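Participant: For reference, the structure I am asking about is given below.
The values are calculated or read from the model by the stated rules, or taken from the named source; none is laboratory data. The structure presented is a predicted model; accordingly, all values stated were derived computationally and were not measured. Neighbour counts are summed over all protein chains in view; Cβ atoms, including those assigned to glycine, are modelled from backbone coordinates with ideal geometry. Calculation scope for accessible area: heavy atoms of the full protein, side chains included, ligands and nucleic acids excluded. Shrake-Rupley method; radii C 1.70, N 1.55, O 1.52, S 1.80 Å.
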Amino acid sequence: MDLNLSGNKLGDSGVKLVSAALRNPECKIQKLWLWDVGLTDSGAEDLVSALSTNTSVTDLNLSGNKLGDSGVKLVSAALRNPECKIQTLWLRDVGLTDSGAEDLVSTLSTNPSLTDLDLRSNSLTDRSVPALRRLILTLPSLERIWLWGNRFSGTGMKELRSLQGFRPGLMVDLNI
């Protein structure tokens with residue numbers, strides 16, 4: 001079952017209601033799209049709590065929300081759950097910085113189900129390249145990672161792009 005509420009101005013209070021529904025044991029939502037719904041880091045706590053109990057979600061899109069590093073760190077907490085089955089995580093344009101990327105990578109490195117990660121249009125710089133490199137090298141399930149629209153230098157982009165040949169089928173997308 002899919003639930004796409006993208007573009008609706010739910011805000012934190014609306015996401016809190018969605019989170020309450022997710023806690024219902026009968027809820028079997030697999031694809032949850034909350035792109036640009038007005039979610040902030042303070043509202044992410046309810047969602048994360050619900051995702052910790054509802055392990056049916058495999059595709060989570062939180063792009064376009066103002067999560068910042070603190071909100072992404074909360075989302076990361078849900079991904080630490082060994083029962084978490086999220087395969088596709090969309091965090092495009094959420095205000096993620098290098099320090100938040102380090103926390104995210106540390107968590108994602110332990111999530112064997114993740115295959116697709118979208119980190120486009122954030123504020124990542126060359127300082128996050130070692131963490132992203134570590135993620136790409138240590139997470140064998142990862143098939144695609146989108147990174148364009150960040151602030152990598154030519155050198156940082158070259159280092160990340162070189163990882164594409166590391167594993168057959170791995171796509172490291174740095175193109176605009």
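Participant: Among the residues of the range 14-35 satisfying the criterion of being open to solvent by less than 90 Å² (accessible area, probe 1.4 Å) and part of a helix (DSSP H, G or I), which is farthest from CYS84 (Cα to Cα)?
Facilitator: GLY14
Participant: Say whether the condition of being touching a helix residue (DSSP H, G or I) at 6+ places or on another chain (Cβ under 7 Å), under 19 Å from LEU3 (Cα atoms) and modelled with pLDDT of 95 or more is met by at least one residue in the range 71-80.
Facilitator: Checked against the condition, which is being touching a helix residue (DSSP H, G or I) at 6+ places or on another chain (Cβ under 7 Å), under 19 Å from LEU3 (Cα atoms) and modelled with pLDDT of 95 or more, the range 71-80 yields no hits at all.
Participant: Could you identify the single residue in LEU114, LEU96 that is more than 18 Å from LEU10 (Cβ to Cβ) and at pLDDT 95 or above?
Facilitator: Selected residue: LEU96, the only one of LEU114, LEU96 that is more than 18 Å from LEU10 (Cβ to Cβ) and at pLDDT 95 or above.
Participant: Against the definition (open to solvent by less than 10 Å² (accessible area, probe 1.4 Å) and either more than 20 Å from LEU135 (Cα to Cα) or more than 12 Å from the chain's Cα centre (by Cα) (or both)), how does LEU89 come out, yes or no?
Facilitator: Spelling it out, it is not the case that LEU89 is open to solvent by less than 10 Å² (accessible area, probe 1.4 Å) and either more than 20 Å from LEU135 (Cα to Cα) or more than 12 Å from the chain's Cα centre (by Cα) (or both).
Participant: Could I ask something else about it? Identify, from the list GLY64, GLY11, GLY38, the residue that is open to solvent by 10 Å² or more (accessible area, probe 1.4 Å), farther than 15 Å from LEU104 by Cα, under 12 Å from the mean Cα position of the chain (by Cα) and at pLDDT 95 or above.
Facilitator: Answer to the check: GLY64.
Participant: If only one of LEU51, LEU22, LEU17, LEU74 is touching a residue at least 24 places away in the same chain (Cβ under 8 Å) and either more than 27 Å from LEU137 (Cβ to Cβ) or under 10 Å from the mean Cα position of the chain (by Cα) (or both), which one is it?
Facilitator: So the residue among LEU51, LEU22, LEU17, LEU74 that is touching a residue at least 24 places away in the same chain (Cβ under 8 Å) and either more than 27 Å from LEU137 (Cβ to Cβ) or under 10 Å from the mean Cα position of the chain (by Cα) (or both) is LEU22.
Participant: Let me ask another. Pick from the range 122-176 the residues that are under 20 Å from LEU96 (Cα atoms) and among the β-branched types (Val, Ile, Thr): which of them is surrounded by the fewest Cβ atoms within 10 Å (Cβ to Cβ)?
Facilitator: ILE176
Participant: Out of the range 94-107, which residues are of a type outside the set (Gly, Ala, Ser) and crowded, with 21+ Cβ neighbours inside 10 Å?
Facilitator: VAL94, LEU96, LEU104, VAL105 - these are the residues of the range 94-107 that are of a type outside the set (Gly, Ala, Ser) and crowded, with 21+ Cβ neighbours inside 10 Å.
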